[in-house]
Amino acid sequence: MSGVLSLEVADRIVDAALVAAREQGYPPMAVVVLDAGGHVLVAKRDERAAIGRVEIAMGKAHGCLAMGFGGRELARRAEAVPQFFTAIGALLPHGMVPVAGGVLIRDSSAGVVGSVGISGGTSDEDDVCAVAGIHAAGLVPDTGDPPPSSTPATNDPTTATGDPPPSSTPAINDPTTATGGSTTSSSAEKPPRSST
């Protein structure tokens, strides 16, 4: 059974996320933390953040809880079946913003105890701050991407799946990769800035 996310812990997550945004030089942000039932525990907006940021952050956090995935996975699914996501977004009381910056909060036993939604920077910047806030509270972030691997040995019992580590050049039809292609990216390429 999952634990309960307290107001004190939720407040710590929000404050640490806002500090991370300032320390990284990101734009002013709004942060919302929901408990596992989708109830708002804390919502804070930097006084310089745009007025719609709280609602966007709420849509990110609520969408993650409603679907059971972090924002990065929601984004992939929304791209694959946009009609479905358009329909369910209208059904949910707080909408859904299926992009990075919505992060599930898990306890040490991997149970979902809540979610964080952040808006103000790019989706990647929002995600960085959500993860920082969750880590500051001693909890586990679930962005919707697999956790980074330190390339453990094949069938190592300390890995979650026991699967072999990903190769830098996976086979074209390799089911362990989302695209069947290389997962490396060039750090020299920077996408245009678009805040979410």
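Return the total of residues in segment 32-62 being more than 20 Å from Gly89 (Cα to Cα), among the β-branched types (Val, Ile, Thr) and either surrounded by 17 or more Cβ atoms within 10 Å (Cβ to Cβ) or touching a helix residue (DSSP H, G or I) at 6+ places or on another chain (Cβ under 6 Å) (or both). Before the answer, list the steps.
Filtering segment 32-62 down to residues more than 20 Å from Gly89 (Cα to Cα) leaves 41-51.
Restricting the remaining residues to those that are among the β-branched types (Val, Ile, Thr) gives 42, 51.
After this cut, where a residue has to be either surrounded by 17 or more Cβ atoms within 10 Å (Cβ to Cβ) or touching a helix residue (DSSP H, G or I) at 6+ places or on another chain (Cβ under 6 Å) (or both) as well, the list is 42.
Of the residues in segment 32-62, 1 are more than 20 Å from Gly89 (Cα to Cα), among the β-branched types (Val, Ile, Thr) and either surrounded by 17 or more Cβ atoms within 10 Å (Cβ to Cβ) or touching a helix residue (DSSP H, G or I) at 6+ places or on another chain (Cβ under 6 Å) (or both).
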- Task: Would you check which residues across segment 17-44 are farther than 20 Å from Glu55 by Cα and among the aliphatic types (A, V, I, L, M) and list them?
- Result: Val19, Ala20
- Among the residues of segment 68-81 satisfying the criterion of being in contact (Cβ under 8 Å) with a residue 40 or more places away in the chain and on the phi < 0 side of the Ramachandran plot, which is surrounded by the fewest Cβ atoms within 10 Å (Cβ to Cβ)? Arg76
- Which members of segment 119-139 meet the condition of being hydrophobic (A, V, I, L, M, F, W, C), under 20 Å from Leu5 (Cβ atoms) and crowded, with 19+ Cβ neighbours inside 10 Å? Cys129, Ala130, Val131, Ala132, Ile134, Ala137, Leu139
- Do we find that Val9 is of a type outside the set (D, E, K, R), within 20 Å of Asp124 (Cβ to Cβ) and surrounded by 15 or more Cβ atoms within 10 Å (Cβ to Cβ) in this structure? no
- Here the qualifying pairs (Cβ atoms under 7 Å; residues six or more apart or on different chains; first in segment 82-103 and surrounded by 20 or more Cβ atoms within 10 Å (Cβ to Cβ) and among the aliphatic types (A, V, I, L, M); second in a loop (DSSP other than H, G, I, E, B) and modelled with pLDDT under 90) come out as Val99/Thr196
- Message: Could you check segment 23-39 and list, in sequence order, the residues that are closer than 11 Å to Gly121 by Cβ and free of Cβ contacts under 8 Å to residues at least 24 places away in the same chain?
- Response: Gly25
- Query: Does Leu65 fit the bill of being buried (at least 21 other Cβ atoms within 10 Å of the Cβ) and touching a helix residue (DSSP H, G or I) at 6+ places or on another chain (Cβ under 9 Å)?
  - Reply: no
- Note on the structure: The number of residues in segment 1-31 that are touching a helix residue (DSSP H, G or I) at 6+ places or on another chain (Cβ under 8 Å) and among the basic types (Lys, Arg) is 1
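The values are calculated or read from the model by the stated rules, or taken from the named source; none is laboratory data. All values derive from a computational prediction rather than experimental measurement. Cβ atoms come from the backbone with ideal geometry, glycine included; neighbour counts cover every protein chain shown.
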